[in-house]
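**Student:** One structure, pasted below without further comment.
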Amino acid sequence: MFASAYGLSERAQDEAAKHLLDELNFDHYRAERAETLSGGTRQKLNLALSLMHDPQLLLLDEPYSGFDWETYEKFWEMSERRRVQGMGILIISHLLIERGRFDTIYELDHGKSVAT
C-alpha cells in the first residue's frame, strides 16, 4: 500500500521491499499483521516504510525507540550510509548520548531554537 502511494512500479516495490527486508533482517515478519508486532518491531516496519521510496529528505521522530541493540546499531549504520549518499536526515532525539552522531544540533526551548 505505501509503495503504491509513493508511485513505485510493481518491480520497484518488489526490489525495495526485498532490499529493506534483508537490510533490517525483517523477512521472517513478512506474513505478520502489523498489530501483532512488538513496539520495537513496529518501529522497524515504520523505518522500512519511510525508506521504501528512497527519499531525498527523511524526517524521523525518535525512530529507534523500542529497538533492540542490534537494530539500534543497524539504524545508525543505515543512516550514515544514506547520509554519505546524499540523503538529508533529520532526527528528533531526547537522548543526549546521541550528540556525537549528528552533524548539526538544534535545541528547542519552548518551541524556539536556541544555540548549542
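The values are calculated or read from the model by the stated rules, or taken from the named source; none is laboratory data. What you are looking at is a predicted structure, and each value in this text was computed from that prediction instead of being measured. Using ideal geometry, Cβ is built from the backbone for each residue, glycine included, and neighbour counts are taken over all protein chains shown.
**Student:** Going by what's in this entry, would PRO63 be described as over 20 Å from ALA12 (Cα atoms), in a loop (DSSP other than H, G, I, E, B) and either at pLDDT below 95 or not aliphatic (A, V, I, L, M) (or both)?
**Tutor:** So PRO63 passes the test.
**Student:** Another question, if that's okay. I need the full set of residues from region 11-35 which are of a type in the set (A, V, I, L, M, F, W, C) and more than 17 Å from MET78 (Cβ to Cβ), in order please. Please lay out each step first, then the result.
**Tutor:** Our first condition is that a residue be of a type in the set (A, V, I, L, M, F, W, C); within region 11-35, this holds for 12, 16-17, 20-21, 24, 26, 31, 34.
Those that are of a type in the set (A, V, I, L, M, F, W, C) and more than 17 Å from MET78 (Cβ to Cβ): ALA12, ALA31, ALA34.
**Student:** Determine whether region 68-76 contains at least one residue that is in a helix (DSSP H, G or I), in contact with a helix residue (DSSP H, G or I) (Cβ under 9 Å, 6 or more places away or on another chain), among the β-branched types (Val, Ile, Thr) and surrounded by 15 or more Cβ atoms within 10 Å (Cβ to Cβ).
**Tutor:** Checked against the condition, which is being in a helix (DSSP H, G or I), in contact with a helix residue (DSSP H, G or I) (Cβ under 9 Å, 6 or more places away or on another chain), among the β-branched types (Val, Ile, Thr) and surrounded by 15 or more Cβ atoms within 10 Å (Cβ to Cβ), region 68-76 yields at least one hit.
**Student:** On the basis of being of a type in the set (Asp, Glu), modelled with pLDDT under 90, more than 23 Å from ASP14 (Cα to Cα) and surrounded by fewer than 14 Cβ atoms within 10 Å (Cβ to Cβ), does ASP103 make the cut?
**Tutor:** Considered against the rule, which asks whether it is of a type in the set (Asp, Glu), modelled with pLDDT under 90, more than 23 Å from ASP14 (Cα to Cα) and surrounded by fewer than 14 Cβ atoms within 10 Å (Cβ to Cβ), ASP103 comes out as yes.
**Student:** Got at least one residue in region 15-28 being of a type in the set (D, E, K, R), surrounded by 11 or more Cβ atoms within 10 Å (Cβ to Cβ), out of contact with any helix residue (DSSP H, G or I) (no Cβ under 6 Å at 6 or more places or on another chain) and over 30 Å from TYR106 (Cβ atoms)?
**Tutor:** Yes: one or more hits.
**Student:** Moving on to the next point. Within region 1-25, restricting attention to residues that are at pLDDT below 85 and of a type outside the set (A, V, I, L, M), which residue is farthest from TYR64 (Cα to Cα)?
**Tutor:** Among them, the one singled out is SER4.
**Student:** Do you know which residues across region 84-110 are in a helix (DSSP H, G or I) and in contact (Cβ under 8 Å) with a residue 12 or more places away in the chain? Full working, then the answer.
**Tutor:** If we filter region 84-110 for residues that are in a helix (DSSP H, G or I), which is where we start, we get 84, 96-101.
The answer is ARG101, and nothing else.
**Student:** Let me ask something else about it. Give me a count of the residues in region 66-78 that are small (Gly, Ala, Ser) and within 11 Å of the chain's Cα centre (by Cα).
**Tutor:** Summing the residues that are small (Gly, Ala, Ser) and within 11 Å of the chain's Cα centre (by Cα) in region 66-78 gives 0.
**Student:** Looking at THR41, is it β-branched (Val, Ile, Thr) and under 23 Å from ARG99 (Cα atoms)?
**Tutor:** Criteria not met by THR41.
**Student:** Suppose we filter region 36-67 for residues that are buried (at least 18 other Cβ atoms within 10 Å of the Cβ) and hydroxyl-bearing (Ser, Thr, Tyr); how many remain?
**Tutor:** Counting residues in region 36-67 that are buried (at least 18 other Cβ atoms within 10 Å of the Cβ) and hydroxyl-bearing (Ser, Thr, Tyr) gives 2.
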